Amino acid sequence: MESQVLAALAAAIKEFNGDPARIYLTGLSMGGYGTWSIAAGHPGMFAALVPVCGGIRPPDAGAPEDGAANPYAETAKKIGTTPVWVFHGGADPAVPVTESRKMVEALKANSGNVKYTEYEGVGHNSWDKAYREADLPVWLFAQKLEKK
């Protein structure tokens with residue numbers, strides 16, 4: 001499915017004369033998980049990321065195996081310095097808020113360019129507040145890939 005999505009994106013950029021230096025990736029809930037996954041699989045492709053109430057490990061994943069690699073650190077390493085603004089509701093019953101907290105810490109530990117907004121008392125639908133943030137479009141459209 002990911003390859004189909006990326007092919008559709010490439011076709012849309014070509015057809016509508018899109019700016020490949022200004023491709024932004026955002027998703028909410030499972031789409032937030034997808035945001036992290038796609039960005040890690042395609043480093044340097046996106047000018048900025050906005051995962052909303054997403055994560056790296058699904059809530060039912062269980063405890064990591066002893067000696068297993070840290071998936072948050074691995075994802076942060078792949079994302080590098082791509083600008084990221086993470087949003088999550090502090091009372092999310094569906095996706096643990098610790099998922100976003102761990103990714104933010106991993107990005108910071110990797111010298112990442114990250115902002116984090118956690119909405120106290122907000123449940124899973126934190127996207128309502130996130131996508132209404134007045135500064136989000138300003139921040140997002142200020143991000144642009146450097147020409148190589």
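Every number here is computed from the coordinates shown, using simple stated rules; none is lab data. All of these numbers come straight from a predicted model, not from anything done at the bench. Note that each Cβ is placed from the backbone with ideal geometry, even for glycine, and that neighbours are counted across all protein chains shown.
Restricting attention to segment 1-114, lysine pairs at least eight places apart or on different chains and with alpha-carbon atoms under 19 angstrom apart total 4.
Quick check on packing: order 43-52, 20-29, 100-109 by the mean number of other C-beta atoms within 10 Å, highest mean leading. Intermediate results must be reported in sequence, preceding the final value.
Numbers: 43-52: 21.7, 20-29: 17.6, 100-109: 20.1.
Going by the mean number of other Cβ atoms within 10 Å, highest first, we get 43-52, 100-109, 20-29.
Cross-link partners of residue 129 among lysines, defined as those whose alpha carbon lies under 18 angstrom from its own and excluding same-chain residues fewer than eight positions apart: 115.
In order along segment 126-142, the phi-based Karplus estimate (6.51 cos²θ - 1.76 cosθ + 1.60, θ = phi - 60°) of 3J(HN,Hα) comes to 5, 5, 4, 6, 4, 6, 9, 4, 4, 7, 4, x, 4, 4, 4, 6, 7 Hz; Gly and Pro are listed as x. When peptides 110-122, 76-88 are sorted by average Cβ neighbour count within 10 Å, with the highest value leading, the order is 76-88, 110-122. Considering helices alone, the calculated mean residue ellipticity of the chain at 222 nm is -11500 deg cm²/dmol, with DSSP H runs of length four and up weighted by -39500 (n - 2.57) and normalised per residue.
Using the alpha carbons alone, the radius of gyration of segment 84-148 stands to its Kirkwood radius in an Rg to Rh ratio of 1.03. Counting pairwise Cα distances across segment 8-148, what percent come out greater than 24 angstrom? For segment 8-148, the share of Cα pairs beyond 24 Å comes to 30 percent.
Report, in whole Å, the centroid distance computed from the Cα atoms of segment 1-32 and segment 92-148. What the calculation gives is 19 Å, centre to centre.
For residue 26, the residues whose modelled amide H falls within less than 5 Å of its own, excluding neighbours fewer than 5 places apart on the same chain, are 50.
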